[in-house]
Structures are given as C-alpha cells and as structure tokens.
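Participant: This structure is in structure tokens; I'll ask about it shortly.
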Amino acid sequence: MPTRILTICAWGGPATVVLALTGWLIAGVLPIPLGPDSTVDQVVGFYSQDTRVLAGLFLSTVAVCFVLPLIAVISVFMMRMEGRTPVLTFLQLVTGAATGVCLLLPLLLMTTIAFRPGRNPELTVTLNDIAWLLFITPVAPFMIQNVAIGVAILNDKRQTLPRWVAYVNFWVAFSFTPDVLAFFFHSGPFGWRGIFIFWLALTTYSVFLIVMSVTLLKAIRESAEPRAAEVAVAAA
Amino acid sequence: MSRPDARAREELPDFLWLDEEEGLRSAASLGRSNLTEPSQRHTPGEVGLWIFILGDMTLFGVIFLVFMWERRSDSGVFKASAQQLIQPIGAFNTLVLLLSSYLVVRALFAHRIGRVQAAGRLILGAIGCAGVFAALKVTEYFVEVSEGNTPSTGLFFTFYFVLAGLHLLHVLVGTGLLSAWAVALRKGKQWPSAQRLVEGVAVYWHMVDLLWIAIFTLVYLVCAE
C-alpha cells in the first residue's frame with residue numbers, strides 16, 4: 001500500500017497551510033502580527049491573553065511539522081528523477097529537515113513566552129525579538145531546498161514532475177531573499193512585519209507547499225495507474 | 001496542435017497512428033525551418049520559464065509600486081536624495097547592460113546557425129559587460145556609504161539599496177547562466193539540443209536588462225525631477 005502512504009504524506013502541504021493559519025488566527029498572530037516597532041505594552045499585552053494565545057500557538061507548532069511528510073514524498077520522487085547518485089535528493093532531505101526546525105523552534109519560543117507572561121516586560125520584548133528574527137531570517141535552508149528541487153526537475157529527462165514546478169521553486173527561492181533585511185529595519189516595508197518580508201514569504205511558502213502537494217498527488221496517481229493495469233492483465 | 005497522450009494513442013487504429021507520427025515529424029521539420037519564417041506558436045525557452053520571469057517581474061513591480069506610493073507622501077526628501085545619486089554611473093550602466101543584451105542576441109543567432117566560435121566570443125563579451133556593471137555598482141555603493149547615505153538614512157535610500165541589491169543578485173545569477181551557455185558552446189553543443197537552455201538564458205538576461213531600465217528610470221530620473 002505505498003501509494004496510500006505516499007498520498008497521505010503528500011497532503012501534508014495543504015494541512016500545514018490550513019492548520020498553521022488557523023492556529024495563528026486563534027492566537028492573534030494574524031491578521032496583524034507584532035512588529036519590530038510594537039510598543040512594550042503591545043508585546044506584553046499580546047502574550048498575556050490567557051490560554052487563547054497558548055492554544056493557537058501550540059496548534060501552529062504541530063501544524064508546521066506536517067511539512068516533514070511532504071518533504072519525504074518530495075525526496076522519494078527526486079530519487080526517481082536522479083537515479084544512481086541522488087545528491088540533490090539528499091540535499092533536499094537535509095535542508096528540508098532544517099526548515100522544519102526553523103519553522104518549529106520560533107513558534108515553540110513564542111509559546112514559551114506566553115507560558116509566563118508576568119515576567120519583566122523587557123525580557124518579554126527581547127524574547128519576542130528573538131522569536132521573530134529566528135522565524136524570519138534563516139532563509140538559506142529554504143532557498144537551497146527550492147533550488148535543489150528545481151535543478152533536479154530540470155535535469156530529469158522522464159519528466160516525473162512537470163518542468164514548470166522547477167521554475168515555481170526558483171521564484172519562491174528568490175522571494176525569500178529580502179528576508180535577511182529584517183535585521184536592519186525597525187519599521188516599514190522591510191521590517192519583519194513588512195509586506196516584502198513576512199507577507200511575501202508567507203504567501204510564496206504557501207504557494208510552494210500547495211504546488212508541491214498538488215503536482216506530487218498527480219504524479220502518485222499516474223505512477224499507480226500502470227501497476228493497476230498490470231494487475232488487470234495478470235488477472236485476465 | 002493537440003497531441004493525444006500515449007494512452008489515447010494506443011486506442012487509435014493503426015493507420016491513424018502512422019498519420020499522427022508523420023504529422024509530428026513534419027511539425028518538427030517545420031520547427032527547424034523557422035529560421036526563415038518564425039513560427040507564431042514558439043515560446044522562447046519553454047512555457048514554465050515564463051512563470052518565473054513574470055513572477056519575478058511582478059515582485060519587482062510591487063516593490064516599484066510601494067516605492068512610488070511612499071514617494072507621494074515625502075516627495076521633497078525623495079527628490080533631494082535622488083539628486084545625490086551619481087546619475088552618470090547609472091546611465092553608463094544602462095548602456096553597458098543594453099550592449100550586453102545586444103551581444104546576447106547576436107550570440108543566440110550565431111549559435112543557431114552553428115557559428116559556435118563566434119557565439120562563444122560574443123558570450124564572453126556579455127559576461128565582461130556584467131563584470132563592468134557589477135564593478136561600477138559596487139563602486140557606487142561605496143561612494144554612497146562613504147558619503148553617509150546608508151540603507152537606514154531614509155526610505156529613499158532603503159529602496160535604492162534594496163532594489164539595486166536585488167538587481168545585482170540577478171546580474172550575478174545571470175553571469176552564472178551565461179557561463180553555463182559558454183560551457184555548452186565549448187563542449188560543442190549544437191542548436192536543436194541547446195535551444196531550451198540558450199533561449200532560457202537569453203530571456204533571463206533580457207529581463208535583467210529590462211528591470212535595470214525600470215530601476216534607473218524610477219529611482220535615478222523620476223525621483224530627481
């Protein structure tokens with residue numbers, strides 16, 4: 001039944017998007033998250049809203065881990081593309097694992113901040129800065145993952161996945177480049193809450209997860225069909 | 001042309017099958033003869049490439065929009081800041097990139113008719129242009145920073161450094177792609193098999209050129225008016 005397991009794992013992409021966004025809505029990270037220019041009162045106020053923030057953030061920590069099964073399916077199909085020396089597959093696998101940690105750790109940190117909101121406000125602000133900058137700035141693993149997937153698809157003569165998926169990956173990788181600017185700006189469009197940082201990366205990463213899931217699900221169905229045909233022939 | 005997939009083909013009667021093969025073959029030879037009469041249906045590079053090209057340009061377009069929006073509320077500061085930029089360097093860099101684009105076009109035509117040596121020289125010229133552009137860009141950055149204009153000086157310089165920086169990143173990636181083309185030429189890769197790579201690189205390079213023209217116009221010229 002590998003097809004069924006592959007299918008379930010491939011649904012990890014949309015599951016991450018839907019559940020993480022739901023968690024953030026519950027916690028109040030969305031629609032408007034805390035920014036680098038939020039006042040001390042706003043930051044402390046955000047984390048001291050009883051169990052709602054804790055519950056929402058906890059849901060999102062679980063949700064982002066659903067990228068891991070998707071990364072496994074991507075690896076299986078990249079292995080088919082690359083054959084005997086699957087170096088890009090391994091690159092995607094290790095960077096994919098790193099992205100899982102990069103997503104999980106800051107959210108755990110935010111949940112931890114909400115655990116004891118009565119502390120010295122300065123500490124809460126510092127912890128909040130650490131959480132957000134850890135969340136936004138480590139883009140290199142994500143970009144390497146995208147480029148590895150893209151190059152593997154373009155080098156694949158059998159077209160296991162459609163070639164446009166490679167170009168979508170390159171575009172997503174490019175869209176992460178402004179994120180490092182979050183270190184340099186305390187407000188405006190290039191601060192961590194800005195349109196070119198949080199909102200752009202959120203949008204394109206969601207596009208990445210959904211495109212990969214949809215195209216992989218199609219590939220899984222297509223690779224299952226010949227086997228079904230063989231079984232029918234054998235039965236006849 | 002609608003190509004039936006492999007499954008549908010197997011269900012077709014034999015004689016239709018053959019017709020289909022012939023049709024494909026004649027279409028392929030038609031594609032090869034489009035040196036003289038370019039086919040209307042041919043997409044440069046491949047269709048998927050344009051997802052990246054248009055996505056990339058959309059992203060730059062959004063940055064331009066936000067830039068112009070911010071300028072509305074602070075046009076005096078934007079004007080004063082834009083006048084501190086070194087316009088001659090920007091203008092010269094525009095010409096350098098236009099020249100590189102011309103060299104890329106010439107190289108593509110040369111490669112297509114099999115003049116591999118000439119194409120290789122033209123590509124080296126384009127890579128040289130990219131080097132000149134990058135060197136001047138870095139010089140410009142140094143001059144601005146040493147005059148005290150850093151990305152945190154104000155919103156205008158934030159956008160100047162970010163836009164020029166993102167563009168410079170594109171130039172560096174483009175230089176890598178042009179080098180890949182040069183390597184393919186050195187290996188003697190002939191036209192039909194090299195077409196997708198070469199056209200893709202050329203399209204990407206023209207996009208880099210086009211984006212710089214937009215940046216130069218908006219940041220150096222429009223804001224200084």
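Bear in mind these aren't lab numbers, they're just calculated from the coordinates by the rules spelled out. Just so it is clear, the structure is predicted and the values come from calculations on it, not from any experiment. All Cβ positions, glycine included, derive from the backbone under ideal geometry; neighbour counts span all protein chains shown.
Participant: Estimate the FRET efficiency between A:Ile210 and A:Arg52 by the formula 1/(1 + (r/R0)^6), using the beta-carbon distance for r and 30 Å for R0, to the nearest 0.05. Display every interim value, and only then the final one.
Facilitator: Numbers: r = 28 Å, r/R0 = 0.93.
Plugging the Cβ-Cβ distance into 1/(1 + (r/R0)^6) gives 0.60.
Participant: With charges set only on the Cβ (+1 for Lys and Arg, -1 for Asp and Glu), what does the dipole of the protein assembly as shown come to about its Cα centre, in debye to the nearest 20?
Facilitator: On the way: 31 positive and 30 negative charges, 184 e Å.
Here the size comes out at about 880 debye.
Participant: In whole angstrom, how long is each semi-axis of the equivalent ellipsoid of the protein assembly as shown, when you take the square root of 5 times every eigenvalue of its Cα gyration tensor and sort them from largest down? Display every interim value, and only then the final one.
Facilitator: Working: eigenvalues 349, 262, 53 Å².
Those come to 42, 36, 16 Å.
Participant: I'd like the mean, over residues of B:58-69, of how many other protein chain beta carbons sit within 10 Å of each residue's own Cβ.
Facilitator: Neighbouring Cβ atoms belonging to other protein chains average 2 per residue here.
Participant: Continuing with this model, one more query. Roughly speaking, what % of Cα-Cα pairs in segment A:115-236 are separated by over 16 Å, rounded to a whole number?
Facilitator: Everything past 16 Å amounts to 70 percent.
Participant: Regarding segment B:136-225, what are the three Cα extents along the principal axes, ordered largest first, in Å?
Facilitator: 51, 24, 16
Participant: Still on this structure: Report the semi-axes of the equivalent ellipsoid for segment A:98-175 in whole Å, largest first, where each axis is √(5λ) for an eigenvalue λ of the Cα gyration tensor.
Facilitator: 39, 10, 8
Participant: Over all Cα pairs of segment A:1-113, how is the pair count split among 5 Å bins, expressed in % and running from 0 up to the last occupied bin?
Facilitator: 2, 12, 17, 18, 15, 11, 9, 7, 5, 3, 1, 0
Participant: Based on DSSP H assignment, which helices of chain A show an axial Cα extent of at least 15 Å together with a mean Kyte-Doolittle hydropathy greater than or equal to 1.6?
Facilitator: The answer, listed by residue number, is A:67-82, A:87-115.
Participant: Based on the inverse mean of 1/r over its pairs of different Cα atoms, what is the Kirkwood hydrodynamic radius of segment B:76-221, in Å? Numbers along the way, then the final one.
Facilitator: Working: mean 1/r = 0.0621 Å⁻¹.
After inverting the mean inverse Cα-Cα distance, the result is 16.1 Å.
Participant: Something else now. Could you give the semi-axes, largest first, of the ellipsoid that matches chain A, computed as the square roots of 5 times the alpha carbon gyration tensor eigenvalues and rounded to whole Å?
Facilitator: Gyration-tensor ellipsoid for chain A: 38, 19, 13 Å.
Participant: Take the Cα radius of gyration of segment B:52-124 and divide it by 2.2 N^0.38 Å, with N its residue count; two decimals is plenty.
Facilitator: Cα-based Rg divided by the globular estimate yields 1.67.
Participant: Could you tell me what fraction of 2.2 N^0.38 Å the Cα radius of gyration of segment A:155-226 comes to, as a two-decimal ratio? List each step's numbers first, then the result.
Facilitator: Working: Rg = 16.4 Å, N = 72, 2.2 N^0.38 = 11.2 Å.
In units of the 2.2 N^0.38 Å rule of thumb, it is 1.47.
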